[in-house]
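The values are calculated or read from the model by the stated rules, or taken from the named source; none is laboratory data. If you're wondering where the values come from, they're calculated on a predicted model, not measured in any experiment. All Cβ positions, even for glycine, are placed from backbone atoms using ideal geometry, and neighbour counts span all protein chains on display.
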Amino acid sequence: MAENKTGFSSSFGAIMAAAGSAIGLGNIWRFPYICGKYGGGAALILYIAFVFLIGMTLLLSELVIGRRSGHAAIQAYASLKPKRPQWRYVGVLGVVACVLILSTYMVVSGWTLNYFWESVSGALSSVEDGDYAAHFGAFASSVTAPVACLIVFAVLTLVVVLGGVQSGIEKASKILMPVLLVLVLLLCVRSLTLPGASKGLYYLFHPDFSLLTWEGVLAILGQALFSLSVGMGVMVAYGSYLPKGDNLFRSAMWITGCDTAIAVLAGVAIFPAVFACGQSPEGGPGLVFNVLPVVFNSLGSVGSVVFGGAFFLLLAVAALTSAISLLEGIAAGFSESLHTDHKRTAVVVTVGLMVLGVLIALSFEGGVLSGIRLADMTIFDWFDKLSGAYLPSICALLTILFFGWFMKKDDIEDELSNHGTVRTPWFKVFYYFLVRFVAPLALVVSLVAGIWGE
Ligand code: PFF
């Protein structure tokens with residue numbers, strides 16, 4: 001069983017930190033678009049089923065592994081199965097996935113800082129001819145601004161992680177998550193009161209099962225896992241910081257509920273406004289950097305400063321709390337297994353991530369390194385592909401197999417029931433079935449189908 005170490009001081013702080021990890025760029029620019037594209041309400045129902053049945057099953061298993069072992073990813077698996085130390089490679093794989101994701105995530109997060117600044121300074125509303133696609137292309141392919149923004153974002157992330165679990169991560173999350181909620185609600189109100197907003201709601205919520213293709217099912221499952229930050233060991237590290245008396249099932253429900261609610265609210269904040277301004281729905285950077293500035297611009301000079309500023313601040317805050325968890329996951333994983341100082345490790349990791357980040361930033365379409373290509377893909381494309389593609393699903397599959405088939409059932413039940421003090425009748429009937437059969441099967445099917453479809 002785990003020895004005591006400094007962890008989150010309260011259940012609320014722990015839930016805010018884990019929800020902060022879950023709520024990120026994915027909620028804001030990917031979820032609403034996936035929903036709209038694959039059948040609105042039909043996709044939403046499937047998403048809710050996937051996120052609560054499969055995503056939450058994984059989340060709960062990572063939290064149990066972390067709290068039971070008291071360790072971050074690499075050490076956690078090995079310490080729960082001392083006779084089979086090779087399980088540590090699941091943790092190693094998770095840390096590699098975190099490095100790939102965070103280096104790309106930091107570049108894009110840096111862009112959001114630039115756009116926040118351009119919104120509040122009024123620069124975004126005076127873009128020549130309102131050609132935001134050209135404006136974004138010129139910005140992202142330049143050298144100084146994207147690199148400077150990346151460095152500022154990386155330093156912000158590092159400062160919070162260096163503050164420690166309680167005074168850094170927990171404190172920052174307790175402030176930033178309510179800010180995020182206020183910002184998203186403010187944007188929802190503005191968006192819903194625009195004339196013609198109902199078309200956006202129709203796009204998001206009207207159930208059209210004919211659009212729910214097989215490709216859509218896979219995209220929705222992938223989004224459910226990415227959104228809950230599972231499969232990379234980050235939640236194992238956070239699990240090791242959870243208070244001993246926390247009811248893990250309840251915490252996982254809260255984290256999943258908050259993550260889903262913010263994703264839906266982001267859709268309500270974005271698509272009614274997009275449709276009201278006659279723009280077409282998009283996902284990813286195209287939506288955020290090309291389409292939405294047009295929408296904000298149409299709200300007048302004050303409106304664009306207030307709502308554009310609020311939106312890019314929302315993105316930056318969501319990205320920051322996710323980046324914090326990724327950096328913590330990497331730093332804790334390395335420092336525990338290499339027996340190095342946690343803070344020093346975080347600094348070294350951040351410097352390494354910045355170097356990778358600069359390479360990624362400068363290789364974006366049109367950038368000075370965009371000529372370096374492998375199989376006709378730039379460095380940016382490779383990182384984007386590798387971090388989004390199979391690694392997280394493979395780690396998630398190995399994690400759930402470890403949990404369901406190799407960890408002692410009594411240990412799992414003891415941890416979930418807080419040594420018999422919380423009743424867990426649902427465990428025997430339902431949860432174990434999900435862990436052993438449903439979640440692994442879903443992951444295998446999605447991996448095989450993904451590779452097949454390449
Ligand atoms: N869940 C985050 C998002 O939706 O943007 C991304 C993420 C954070 C993925 C942390 C994985 C992770 F470990």
Subset of the range 416-444 (residues that are farther than 26 Å from residue 394 by Cα and surrounded by 13 or more Cβ atoms within 10 Å (Cβ to Cβ)): 417, 418, 422, 424
Would you say residue 296 is under 30 Å from residue 69 (Cβ atoms) and part of a helix (DSSP H, G or I)? no
Among all residue pairs at least 6 apart or on different chains, which show Cβ distances below 6 Å where the first residue, located in the range 347-358, is over 18 Å from residue 369 (Cβ atoms) and the second is of a type in the set (A, V, I, L, M)? 349/330; 349/331; 350/154; 350/158
For a quick check of your reading: which helices (runs of 4 or more DSSP H) sit entirely within the range 371-454 and have at least 2 residues that are more than 25 Å from residue 247 (Cα to Cα) and in contact (Cβ under 8 Å) with a residue 12 or more places away in the chain? 379-388, 390-401, 439-453
In the range 323-336, is there at least one residue being among the hydrophobic types (A, V, I, L, M, F, W, C) and without any contact (Cβ under 8 Å) to a residue 60 or more places away in the chain? no
Filtering the range 63-121 down to residues that are free of Cβ contacts under 8 Å to residues at least 12 places away in the same chain and either outside any helix (DSSP H, G or I) or within 12 Å of the ligand (Cβ to nearest atom) (or both), which residue is nearest to residue 302 (Cα to Cα)? 121
Given the structure, is residue 60 within 14 Å of the ligand (Cβ to nearest atom), touching a Phe, Trp or Tyr at 6+ places or on another chain (Cβ under 8 Å) and aliphatic (A, V, I, L, M)? no
For the range 254-268, indicate whether the set of residues that are in a helix (DSSP H, G or I), more than 16 Å from the ligand (Cβ to nearest atom), modelled with pLDDT of 95 or more and over 21 Å from residue 396 (Cα atoms) is non-empty. yes
What are the pairs, 6+ residues apart or on separate chains, where a residue within the range 11-31 that is under 15 Å from residue 223 (Cα atoms) and near the ligand (Cβ under 7 Å from one of its atoms) has its Cβ under 6 Å from a residue that is part of a helix (DSSP H, G or I) and aromatic (Phe, Trp, Tyr)? 26/226
Looking at 161, 189, 179, which one is farther than 15 Å from residue 319 by Cβ and β-branched (Val, Ile, Thr)? 189
Picking from 323, 375, the residue that is surrounded by fewer than 20 Cβ atoms within 10 Å (Cβ to Cβ) and either under 24 Å from the mean Cα position of the chain (by Cα) or of a type in the set (Gly, Ala, Ser) (or both) would be 375
Residue identified as under 26 Å from residue 41 (Cβ atoms), part of a loop (DSSP other than H, G, I, E, B) and not aliphatic (A, V, I, L, M) among 243, 281, 272: 281
Which condition from (1) closer than 28 Å to residue 409 by Cα; (2) surrounded by fewer than 24 Cβ atoms within 10 Å (Cβ to Cβ); (3) of a type in the set (Val, Ile, Thr) is the one that residue 74 breaks? (2)
The listed residue being at pLDDT 95 or above and within 16 Å of the ligand (Cβ to nearest atom), out of 319, 310: 319
The range 310-324, residues that are farther than 14 Å from residue 22 by Cβ and either in contact with a Phe, Trp or Tyr (Cβ under 6 Å, 6 or more places away or on another chain) or of a type in the set (S, T, N, Q) (or both): 312, 313, 316
Considering only the range 156-201, state which residues are without any contact (Cβ under 8 Å) to a residue 24 or more places away in the chain, under 25 Å from residue 117 (Cβ atoms) and surrounded by fewer than 16 Cβ atoms within 10 Å (Cβ to Cβ). 159, 175, 178, 182, 189
Among the β-branched types (Val, Ile, Thr) and either in contact with a Lys or Arg (Cβ under 6 Å, 6 or more places away or on another chain) or more than 25 Å from residue 155 (Cα to Cα) (or both): is that true of residue 99 in this structure? no
